[in-house]
Amino acid sequence: MQKSCSDLQLCQMCPATMAHCKTEQDDWLLAHLKYLLFIFNFFFWVGGAAVMAVGIWTLVEKSGYLSVLASSTFAASAYILILAGALVMTTGFLGFGAIIREQKSCLSTYFCLLLVIFLVELVAGVLAHVYYQRLSDELKQHLNSTLTERYGQPRAAEITASMDRLQQDFKCCGSNSSADWQHSAYILSQEAQGRLVPDSCCKTVVLRCGQRAHPSNIYKVEGGCMAKLEQFLAEHLLLMGAVGIGVACLQICGMVLTCCFHRRLQQHFY
């Protein structure tokens with residue numbers, strides 16, 4: 001029989017060597033968990049930047065439509081996404097430090113922050129879902145009343161600008177059709193100067209072009225601006241929900257990896 005033996009045989013025969021092999025195995029698992037958590041944290045940080053970008057884009061690019069909505073739920077969902085994105089990016093930096101230094105206290109804080117962000121995104125998702133369910137009813141009740149009662153009024157400059165931008169961007173005229181403007185307080189007033197529809201209904205906007213309501217001059221869209229705005233908001237809510245769900249799934253993986261890494265650190269040092 002040879003005096004030398006394999007590492008496996010040594011691990012099986014000698015308690016001291018067995019402990020050494022277990023330590024090496026623990027080191028191997030710890031290193032792999034560390035690399036996995038580091039990779040996750042990178043994608044998590046990128047996801048946070050994406051969530052924040054979607055929220056900012058919603059408020060900056062689409063804020064012109066928000067004033068024609070009765071509810072602030074759509075804007076609230078965007079603000080929650082921005083908050084969640086900022087928290088994700090801040091947490092990501094903390095995560096990098098905790099992983100590199102292998103500090104259990106920082107890992108515990110990192111896990112708690114992941115859980116808080118997950119709950120914040122869950123709230124945003126619920127708000128988006130609730131708003132999506134009542135979107136059509138809100139538009140039917142509010143858009144037409146905004147158009148007939150508040151457009152062009154002295155204290156409603158923001159709503160007037162929002163409605164003008166809405167009609168130009170979506171190439172539509174009126175809530176359901178251009179005929180809706182016949183009941184508008186603005187069109188019935190002297191300030192309209194003989195306009196049948198606002199100038200923003202025109203395909204080519206020039207001063208007092210709304211005096212001619214022929215299909216060759218103004219937008220005639222089936223369903224009017226209501227159908228266009230409802231489709232836009234529904235698609236945007238789905239985008240916000242998809243981004244939130246994607247990051248939430250990443251967070252679940254991250255919380256599991258963080259727990260495993262924290263536990264392995266405890267076993268390794270104690």
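The values are calculated or read from the model by the stated rules, or taken from the named source; none is laboratory data. In this text the structure is predicted, and so the values were computed from the model without any measurement. Don't worry about glycine lacking a Cβ; one is built from the backbone with ideal geometry, like all the others, and counts go over all protein chains shown. Please note that ligands, DNA and RNA were not included when accessible areas were found on the heavy atoms of the full protein model with its side chains. Shrake-Rupley method; radii C 1.70, N 1.55, O 1.52, S 1.80 Å.
Summary of values
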read-out	value
Residue-count net charge about Leu143 - beta-carbon cut-off 10 Å; Lys, Arg +1, Asp, Glu -1	-2
Value of relative contact order over the range 130-198, rounded to a whole percent, pairs C-alpha under 8 Å and six or more apart	29
Net charge of Cβ neighbours under 12 Å - reference Lys228; Lys, Arg +1; Asp, Glu -1	-3
Eligible aspartates and glutamates near Lys34 by straight Cα distance, threshold 17 Å, same-chain separation 8 or greater	Glu24, Asp26, Glu102
Net charge over other residues, Cβ less than 13 angstrom from the Cβ of Arg208 (K, R count +1; D, E count -1)	0
Solvent-accessible area per residue, Å², over the range 128-209 with all protein chains present [probe radius 1.4 Å]	54
